[in-house]
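See below for the structure under consideration.
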Amino acid sequence: MEALIGDFAALPVEKQQKLEAVGNKIFEKLPVSHKTALVQQVSNALDSSVSAKPQTRTEQTANGKKTTTYDERTGYFHSHEHGDRGTESVSRAKRGGHFHRHTYSHDGQGGNARTSSQSVGGGHTHTHATSHTLNNGVTSTATNSASNGGGHTHSHGHTHQHAPDQQTVTGTASASRDRSGKTSGHSHTHIHNERNGDSFTNSRATENGRETWEHTHRHDVSTGTHHDD
């Protein structure tokens, strides 16, 4: 009964009023003994619901220290976990409300870090992730995001890699789909050779899976020539 009252309290006022009107009609048709029993049951549940407060607890997990707050009446939830190798936070506004999660992790020395975020609510979802790694002197970073809602989807990514005294590679890519199902995409790549200064660039666009435009540029430092395709 307490959970039912909590669900009712979380509803918009207009829906509450409609349910109250229907409930009153049903209540009036009940026998007196049933009315008395129902009133007593609801009264006890209301006392418990009003007196109930959000509960917070702290515990030690395999990943570190975790604090959780939960409101049984509304469904509100929030947790935060912190350890030697990262953090995680999770929140939910109420039953059926917005949901959000964020994580951060690293190798324990502040390097090779990753972040991730996820939001869901109102018929929309959004994700975002980043990473930074160092492997044998080669630094790599990446960022990716995606959105979905209202019949539209969109994603975007960016990467960057640097090998000292060798080369740098940068790339971006995006893709979209609208309500009609039409898709479009765009990508861009740039490579720079740190040994001789040469460079290569390519950009490309697509629509419904078919290439609509492409451009390539090459720069040869030794000859001083440029090539465009």
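The values are calculated or read from the model by the stated rules, or taken from the named source; none is laboratory data. Computed from a prediction, not measured in an experiment: that's the story for all the values here. Every residue, glycine as well, gets a Cβ built from its backbone with ideal geometry; the counts of neighbours run over all protein chains shown.
Quick check on Ala205: is it in contact with a Phe, Trp or Tyr (Cβ under 6 Å, 6 or more places away or on another chain) and either touching a residue at least 24 places away in the same chain (Cβ under 8 Å) or assigned to a strand (DSSP E or B) (or both)?
Considered against the rule, which asks whether it is in contact with a Phe, Trp or Tyr (Cβ under 6 Å, 6 or more places away or on another chain) and either touching a residue at least 24 places away in the same chain (Cβ under 8 Å) or assigned to a strand (DSSP E or B) (or both), Ala205 comes out as yes.
Tell me whether segment 27-46 contains one or more residues that are in contact with a Gly (Cβ under 9 Å, 6 or more places away or on another chain), surrounded by 11 or more Cβ atoms within 10 Å (Cβ to Cβ), small (Gly, Ala, Ser) and modelled with pLDDT under 75.
no
From Val90, Val138, which residue is in contact (Cβ under 8 Å) with a residue 12 or more places away in the chain, closer than 30 Å to His186 by Cβ and touching a strand residue (DSSP E or B) at 6+ places or on another chain (Cβ under 6 Å)?
Only one candidate passes the filter, namely Val138.
Here are Ala146, Ala205, Ala163: which of them is within 30 Å of Val120 (Cβ to Cβ) and in the same structural domain as His98 (by TED's automatic domain parsing)?
Only one candidate passes the filter, namely Ala146.
Which one is surrounded by the fewest Cβ atoms within 10 Å (Cβ to Cβ) among residues in segment 128-156 that are more than 21 Å from Gly181 (Cα to Cα) and among the β-branched types (Val, Ile, Thr)?
Among them, the one singled out is Val138.
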